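I have placed the structure first, in the form of structure tokens, so that the comments after it can refer back to it.
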Amino acid sequence: MARKILIVDDEPKIVTMVKSYLLKEGYEVITAFNGREALNSFYKEKPDLIVLDWMMPEMSGIEVLREIRKKSQIPIIMLTAKTEEVDKLIGFEFGVDDYVVKPFSLRELSARIKTILKRLEAKTINEEIVLTEGDLTLYPHKREVFLKGKPLDLTPTEFKLLEAFLKNPGKAYSRLELLEYAIGEAYEGYERTIDTHISNLRKKIEKDPANPEYIQTVFGIGYKLKPRGEKDENHG
């Protein structure tokens, strides 16, 4: 599966140029033109790496970086146009994985991306997968779930349902899909049993189960896990 790269820059020409080059390199590319768009794309699209411009109006690249670092250690390459900015990147612990000075070579940027992704793959080969969203953390192989660092006592079905949601935040699952994921088979006529399991799961992870922040009803379809940062669509 192609690696997903998020490009963030307020200059459309740069975004178009980088996107075109990376698409030819075989990457999946998403774009944003300001800080708010960048954060929304980060939460919704779950990119593998971010190419982030330092100087942007309203919300700078550093502000975006700080927000992302509260949640994730996703690799970030910073684009900068000034030597003094490079000095700051080197001198302070901003959490930047690499930087490229404008004007830059597309070949050089691509090489930096490849190097970081290879390093990331090597680092994660032996690491256990950890699924997180907001205050929830789930360890699939250990079959453990934590809410704000405190362990949750979930039934096997509740665990499998939460695992499905955390693997694909924002994805709307039908009841049959959830039933199949939870027990391995989908029985027509039994899909409404999922409603009971969802109700019980909400009681364990939501502050107010009647107004859920995590697991939301998608009318006419089923349920989804609302990614943090996504605007409320008034799903109950």
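The values are calculated or read from the model by the stated rules, or taken from the named source; none is laboratory data. Please read these numbers as outputs of a predicted model, since none were measured by experiment. Using ideal geometry, Cβ is built from the backbone for each residue, glycine included, and neighbour counts are taken over all protein chains shown.
Residue-wise test of (1) surrounded by 17 or more Cβ atoms within 10 Å (Cβ to Cβ); (2) more than 21 Å from Asp9 (Cβ to Cβ); (3) modelled with pLDDT under 90.
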| site | (1), (2), (3) |
| --- | --- |
| Leu79 | yes, no, no |
| Glu84 | no, no, yes |
| Val96 | yes, no, yes |
| Leu117 | no, no, no |
| Leu138 | yes, yes, no |
| Lys150 | no, yes, no |
| Thr157 | yes, yes, yes |
| Leu161 | yes, yes, no |
Please work out if Ile129 is in contact with a Pro (Cβ under 8 Å, 6 or more places away or on another chain), modelled with pLDDT under 90 and either among the basic types (Lys, Arg) or under 24 Å from Pro169 (Cβ atoms) (or both). yes
Would you mind stating whether Glu180 is surrounded by fewer than 18 Cβ atoms within 10 Å (Cβ to Cβ), assigned to a loop (DSSP other than H, G, I, E, B) and modelled with pLDDT under 95? no
Go through segment 17-48 and report how many residues are assigned to a helix (DSSP H, G or I) and of a type in the set (S, T, N, Q). 3
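For segment 129-139, name all the residues that are assigned to a loop (DSSP other than H, G, I, E, B) and closer than 18 Å to Lys204 by Cβ.
Selection gives Gly134, Asp135.
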Might you check whether a residue that is surrounded by 15 or more Cβ atoms within 10 Å (Cβ to Cβ), over 12 Å from the mean Cα position of the chain (by Cα) and of a type in the set (Gly, Ala, Ser) occurs anywhere in segment 36-53? no
Would you point out the residue of segment 54-77, among those that are part of a helix (DSSP H, G or I) and basic (Lys, Arg), that is surrounded by the fewest Cβ atoms within 10 Å (Cβ to Cβ)? Arg66
